[in-house]
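The values are calculated or read from the model by the stated rules, or taken from the named source; none is laboratory data. Fair warning: this is a prediction, and the values are worked out from it, not measured in the lab. Positions of Cβ are backbone-derived with ideal geometry, glycine not excepted, and every protein chain shown enters the neighbour counts. Accessible surface is based on the protein model in full, side chains and every heavy atom, while ligands, DNA and RNA are left aside. Shrake-Rupley method; radii C 1.70, N 1.55, O 1.52, S 1.80 Å.
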Amino acid sequence: MSARDQHGLAAPHGEFQIIGKPQRKIDGATKARGSALYTDDLCLPGMLHAKTLRSPHAHARILSIDTSAAQALPGVHGVITGQDMPTPYGVIPWTPDETALAVDKVRFIGDEVAAVAAVDEDTALCALDLIHVEYELLHSYQSPQDALERNEPAIHKNKRGDNVSKRVQLDFGEVDKAFETSPVVIEGDYSFHGSTHAAIEPHCALAQVDGNGLLTLWSATQITHYVHRALASVLDLAPHRIRVIQPAIGGAFGGKSDPFSLEFCVAKLAQITGRPVKMLWNREEVFYAHRGRHPMDMHYRTAADESGRIQSVDAKILIDGGSYSSFGLVTTYYSGQLLTGPYDFPTYRFDSTRVFTNKPPCGPKRGHGSVQPRFAFEVQLDELAVQLGMDPIELRRRNSIGPQTMTVNGQRITSCGFDECLEKVERASDWKSRRGKLEQGRGLGVAGSMYISGTNYAVYPNDMPQAGIQLKVDRSGVVTVFSGANDIGQGSNSMVAYVVAEELGLTLDMLRVVAADTDLCPVDLGAYSSRVTFMVGNAAIDASRKLRKLVVSSLAEHWEIEERRVRLVGGEALDLEDPTRHMTMAEAFQIAEVKHDTLGATGSYNTPTLGGDYRGGSIGASPAYSFSAHVVEVAVDEETGHLDVREVWCAHDCGKALNPTLVAGQIEGSVYMGIAEAIYENHQTNRFGLHAGPSLLDYSMATTLDTPEIKALIVESLDPEGPYGAKEAGEGPLHSAIPALSNAIFDAVGIRLRHLPFTPEVVLRALREKREAERQTASPGNNP
């Protein structure tokens with residue numbers, strides 16, 4: 001189904017029965033009772049356990065590997081090295097720079113070198129100690145500046161002979177002229193630190209090869225389809241001989257959206273040993289695998305006229321990519337392409353460079369690629385408002401892009417509820433009477449943002465649907481929904497159940513959802529870029545309406561009435577004009593089966609052609625954009641530097657809340673994650689490349705006691721192409737929480753924090769610098 005085929009925004013029979021109302025998650029009770037099966041819960045007969053040998057060096061050539069002693073250890077059934085799987089891979093097909101195990105060199109402390117399968121984990125760990133690896137140490141790049149300035153030895157081979165992963169330079173309009181003619185220019189440097197996902201479930205994978213040679217992999221992944229493709233390539237195995245299944249998953253946030261070493265290793269070891277093989281990473285290994293938030297150093301300039309209208313934005317960004325590409329090509333584009341809303345400005349330029357370093361590889365974390373630039377830009381907008389003497393909300397309102405518009409870089413805006421988001425947080429926080437008027441040490445800050453609802457950019461080029469749904473009808477009245485989408489806790493399986501129940505007039509207990517199984521389900525590209533509700537939801541509507549048409553036409557013929565009189569609701573079919581004529585949906589399905597044979601339907605979704613007509617113009621182009629506004633209230637202890645975030649108001653335009661309870665939960669989770677990484681979290685290595693603290697004991701995170709009161713305010717702009725008007729809600733509400741906090745700190749104590757994280761040490765240093773500047777200004781020598 002093309003996005004141009006309008007589903008309409010209305011319920012199939014007037015008033016919504018399921019959609020827009022609080023509903024339970026279909027897997028909620030199972031998870032609450034502890035009966036949901038996660039990958040590590042699976043245990044197969046004869047199963048072996050695998051462990052990975054990791055590099056102790058940040059950058060080194062592998063001269064030799066001797067595994068003979070490990071292979072001779074009783075209880076060991078298989079040992080593999082990079083030579084067993086030398087084919088490179090990458091989630092982005094243009095940057096395949098990873099191998100399942102290191103082949104010629106290691107690129108960060110923790111890089112995978114060898115793997116062992118044994119009768120238990122203890123034996124496998126003993127075997128790792130018996131593997132002898134000879135290394136030649138190389139220069140270790142521990143800063144992006146070093147990696148940019150020095151080329152030898154390069155971390156990866158490329159035609160340029162440098163450490164640049166990707167550079168994107170794009171400009172729109174006459175930027176230099178706009179800056180020359182604008183009366184107000186704000187310029188500054190900003191930095192964003194690294195952070196990790198810290199999902200509660202570590203990575204885990206289990207592989208089995210059956211008697212027919214079929215390889216089945218169960219994995220805690222959010223991209224079953226891409227893992228399937230990568231396995232076929234690396235193992236040189238026909239795709240039809242591979243099946244990938246995602247069991248229940250304990251969170252991901254983007255951290256499980258790459259193919260990972262353990263998935264290839266258990267598959268290869270299962271092939272070699274002829275027995276099932278499982279590998280569970282411990283928390284330290286998850287920190288090494290990383291794929292978290294990219295650290296960025298950012299220089300921004302913003303030009304405006306005297307009324308506060310933005311005339312131009314100019315950005316130069318240096319991105320620390322870590323040791324491998326991952327989604328880095330997209331990250332580099334996103335760092336610039338996704339900044340052009342929710343504000344309208346006529347000229348724009350960005351120059352983003354991602355470089356490799358000898359650190360754990362960065363990747364997509366909630367709000368991929370755009371959280372960092374949003375922080376810098378929104379803080380700079382606050383500085384602009386201060387210089388102009390304007391209310392920061394009024395400045396943002398004055399520049400709001402509005403609906404049915406086009407951004408400066410060619411992104412199509414359909415629905416836009418940003419003005420309503422601003423109005424809601426302004427009113428809920430009592431902004432006008434409180435901002436700038438609270439007691440010393442307390443303040444309010446505001447920020448806004450925009451994010452994608454899926455992307456027009458398929459990870460590998462093809463014209464096939466980006467999402468698919470298949471429905472199978474049973475004579476009992478049960479409808480089974482086969483969905484390729486990955487439910488990572490956000491409720492995508494529940495979402496398709498709500499949609500199908502609404503369209504077919506079923507109760508939720510009449511739905512079964514089978515998901516993320518490459519043998520059983522249609523292809524879906526995975527849980528990333530906030531694509532699932534928009535794309536899979538539209539596919540579910542498409543399939544459901546095809547099936548409903550068969551049922552309604554059959555009943556109309558059976559009752560000898562017009563189709564408009566047939567209504568499916570609450571598990572029953574009824575005649576709107578004759579209350580005595582009704583039947584169960586089981587009976588209705590049976591009547592339709594007599595007429596149409598075995599009942600079922602398929603549906604799909606693909607985006608229209610989107611984006612600007614230039615290289616990279618489709619990256620960041622989305623069928624719809626969500627909008628958010630945050631107000632943060634903070635109390636700053638000027639003696640200790642401690643930040644106490646008292647309350648956060650977040651208004652988020654999700655188009656249509658298919659389930660308001662789940663949308664509110666996504667808003668609250670996003671706000672929590674943003675505030676936590678601003679104050680507490682820091683994923684860092686020392687000067688040798690050793691992780692500073694790869695455990696949840698050392699990696700500081702906010703607890704429930706540290707979490708502020710969060711007010712989730714839902715805005716519904718009803719997108720014309722979204723399912724019932726819906727857009728994303730899982731990533732957008734994070735973005736502007738962080739700059740709103742920075743702006744609140746300025747309102748509280750007059751210090752402008754441009755560099756994350758906001759630790760007590762950072763706050764105290766800024767306060768000392770402020771007092772010193774005030775003393776110098778007040779000294780007699782500075783008086784006119």
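Could you list all residues from the range 502-520 that are more than 26 Å from the chain's Cα centre (by Cα) and either buried (at least 24 other Cβ atoms within 10 Å of the Cβ) or more than 25 Å from Val551 (Cβ to Cβ) (or both)? First the steps, then the outcome.
As a first pass, look at the range 502-520 and keep what is more than 26 Å from the chain's Cα centre (by Cα): 502-512.
Hits for the range 502-520 are Glu502, Glu503, Leu504, Gly505, Leu506.
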(message) Which condition from (1) of a type outside the set (Val, Ile, Thr); (2) open to solvent by 60 Å² or more (accessible area, probe 1.4 Å); (3) free of Cβ contacts under 8 Å to residues at least 60 places away in the same chain is the one that Asp391 breaks?
(response) (2)
(request) Answer yes if at least one residue in the range 604-622 is farther than 25 Å from Ala540 by Cα, polar (S, T, N, Q), within 21 Å of the chain's Cα centre (by Cα) and open to solvent by less than 10 Å² (accessible area, probe 1.4 Å), and no otherwise. (result) no
(message) For the range 256-292: of the residues being part of a loop (DSSP other than H, G, I, E, B) and in contact with a Ser or Thr (Cβ under 7 Å, 6 or more places away or on another chain), which is surrounded by the most Cβ atoms within 10 Å (Cβ to Cβ)?
(response) Lys256
(request) Report, by residue number, each residue of the range 162-206 that is closer than 28 Å to His683 by Cβ, touching a Lys or Arg at 6+ places or on another chain (Cβ under 8 Å) and acidic (Asp, Glu). (result) Asp189
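Name every residue in the range 470-492 that is touching a Cys at 6+ places or on another chain (Cβ under 9 Å) and either open to solvent by less than 10 Å² (accessible area, probe 1.4 Å) or hydrophobic (A, V, I, L, M, F, W, C) (or both), in order of residue number.
The answer is Phe482, Ser483, Gly484, Ala485.
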(request) Just give me the residues in the range 692-746 being open to solvent by 40 Å² or more (accessible area, probe 1.4 Å), assigned to a helix (DSSP H, G or I) and in contact with a Leu (Cβ under 8 Å, 6 or more places away or on another chain), in sequence order. (result) Phe746
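Would you mind finding the one in Leu130, Leu125, Leu170, Leu148 that is open to solvent by 30 Å² or more (accessible area, probe 1.4 Å), over 22 Å from Ala102 (Cα atoms) and aliphatic (A, V, I, L, M)?
Leu148
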(message) So for the range 521-535 (the condition being open to solvent by less than 10 Å² (accessible area, probe 1.4 Å), in contact (Cβ under 8 Å) with a residue 40 or more places away in the chain and basic (Lys, Arg)), does at least one residue qualify?
(response) yes
(message) Anything in the range 667-691 that is open to solvent by less than 40 Å² (accessible area, probe 1.4 Å) and either acidic (Asp, Glu) or within 23 Å of Arg646 (Cα to Cα) (or both)? List them, or say none.
(response) Ile667, Gly669, Ser670, Val671, Met673, Gly674, Ile675, Ala676, Glu677, Ala678, Ile679, Glu681
(request) Search the range 394-412 for residues being of a type in the set (A, V, I, L, M, F, W, C) and out of contact with any Gly (no Cβ under 6 Å at 6 or more places or on another chain), and hand back the single one that is least open to solvent (accessible area, probe 1.4 Å). (result) Val408
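When the range 107-162 is examined, which residues are found to be in a strand (DSSP E or B) and farther than 14 Å from Gly75 by Cα?
Of everything in the range 107-162, those that are in a strand (DSSP E or B) and farther than 14 Å from Gly75 by Cα turn out to be Glu112, Val113, Ala114, Ala115, His132, Val133, Glu134, Tyr135, Glu136, Leu137.
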(request) Being open to solvent by 30 Å² or more (accessible area, probe 1.4 Å), farther than 26 Å from Ser483 by Cβ, more than 35 Å from the chain's Cα centre (by Cα) and touching a residue at least 24 places away in the same chain (Cβ under 8 Å) narrows it down to one of His642, His582, His596, His558, so name that one. (result) His558
